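Please read the structure below before turning to the comments.
The values are calculated or read from the model by the stated rules, or taken from the named source; none is laboratory data. What you are looking at is a predicted structure, and each value in this text was computed from that prediction instead of being measured. As a convention, Cβ positions derive from the backbone with ideal geometry for all residues, glycine included, and neighbour counts pool all protein chains shown.
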Amino acid sequence: MIEARELTKRYGDKLAVDGLTFTVRPGVVTGFLGPNGAGKSTTMRMILGLDAPTGGTVTVNGRPYREHTAPLHEVGVLLEARSVHPGRSAYNHLLALARSNGISRARVDDVVEAVGLAGAARRRAGRFSLGMGQRLGIATALLGDPRTVILDEPLNGLDTEGIRWVRSLLRGLADEGRTVFVSSHLMNEMALTAQHLIVIGKGRLIADMGMADFIATRGRSVVRVRTTNPVDLTGRLRASDVEVSHDGGETLTVSGLTTDQVGRAAAAAGITLLELTAQQASLEEAFIDLTRDAVEYRAPTAAGATS
């Protein structure tokens, strides 16, 4: 379990993390989301004692990370997969960590096999692809068979098979009763993997809830409509809180109304419907809606871009 209470970090005049309070519980995959610059990496570094908080506290499994006598057995971490000596083989990198932490060689063999590096473990880590480097980083995190696993962007560089493997791995760790805390910008994968979300923006907590509740609360319902008279139906449906987009053919996409409301409006106007389908709001849409005012680094619009 990870518990943060009023966790704060200031760098000079910049308040990077502002009074964060949250709990990451065992048995579920908890996603850690936020726009670039939101304070996610700083928060993870404070959890691990790499940065000292300006204020507040954070504990892992009941105590600050630095107070654990066998930290690899308590917390497995992937913050930077490339933090490996490039001239050392993947196997020897893991073996050195194992020997310095009272972990058996058999465990090294187990994690090498588990992450799919058995055929490449004797190669120098500096020659690894990004995806292979990620697998080595995950192997390092799992080496001590920890109760808590913290992974920052574990899907970077992985192919489709690798992404599916990580998804299964994280769910499996949670099913074993471990605490799993993972940060990623890949919203589609987070929607498939995480069961709970902690969302921050500009260093502040803006959501702490289950995945289904987050999407239901923040995402707008979308209805796909095919009709013989899209222009007239568009005029009937448009309102201040309703968005209607027309593909130029027979199809409309309506945001802000239910299928029942669209159907009744069409019936009242005598407009024939060919299709009326409710579409689930996505995590990406809900996330963008929630963090719209918390984006620190925003790209210019096409009209305002300069060469």
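Please work out which residue is farthest from the chain's Cα centre (by Cα), limiting yourself to region 267-283 and to residues that are modelled with pLDDT under 85 and in a loop (DSSP other than H, G, I, E, B).
280
Please go through region 63-72 and give me each residue that is out of contact with any helix residue (DSSP H, G or I) (no Cβ under 8 Å at 6 or more places or on another chain) and not in a loop (DSSP other than H, G, I, E, B), ordered by number.
Scanning region 63-72 gives 63, 66, 67.
Can you name every residue in region 73-89 that is outside any loop (DSSP other than H, G, I, E, B) and surrounded by fewer than 20 Cβ atoms within 10 Å (Cβ to Cβ)?
Once the filter is applied, which keeps residues that are outside any loop (DSSP other than H, G, I, E, B) and surrounded by fewer than 20 Cβ atoms within 10 Å (Cβ to Cβ), region 73-89 yields 73, 74, 89.
Taking residue 44 and the conditions (1) over 21 Å from residue 156 (Cα atoms); (2) part of a helix (DSSP H, G or I), which numbered condition does it fall short on, given that it satisfies the others?
Tallying (1) over 21 Å from residue 156 (Cα atoms); (2) part of a helix (DSSP H, G or I), residue 44 fails exactly one: (1).
Are there strands (runs of 3 or more DSSP E) fully within region 171-260 with at least 2 residues that are within 30 Å of residue 38 (Cα to Cα) and of a type in the set (Val, Ile, Thr)? List them.
Counting at least 2 such residues, we get 179-183, 196-201.
Of these, 198, 215, which one is more than 30 Å from residue 276 (Cβ to Cβ) and crowded, with 17+ Cβ neighbours inside 10 Å?
198
List the pairs whose first member sits in region 12-38 and is not assigned by TED's automatic domain parsing to the domain that holds residue 182, whose second member is among the polar types (S, T, N, Q) and modelled with pLDDT under 95, and whose Cβ atoms are under 7 Å apart, counting only residues at least 6 apart or on separate chains?
Within 7 Å, no pair qualifies.
Do we have any residue at all in region 213-231 that's closer than 24 Å to residue 40 by Cα and within 15 Å of the chain's Cα centre (by Cα)?
The answer is yes; a qualifying residue exists.
Can we say residue 116 is over 30 Å from residue 19 (Cβ atoms) and within 29 Å of the chain's Cα centre (by Cα)?
yes
Given the conditions (1) among the β-branched types (Val, Ile, Thr); (2) at pLDDT 90 or above; (3) over 23 Å from residue 9 (Cβ atoms), which single one is not true for residue 215?
Among (1) among the β-branched types (Val, Ile, Thr); (2) at pLDDT 90 or above; (3) over 23 Å from residue 9 (Cβ atoms), the lone unmet condition for residue 215 is (2).
As an exercise: evaluate residue 51 against (1) surrounded by 15 or more Cβ atoms within 10 Å (Cβ to Cβ); (2) of a type in the set (D, E, K, R); (3) assigned to a helix (DSSP H, G or I) and give the number of the one condition it does not meet.
Unmet condition: (3).
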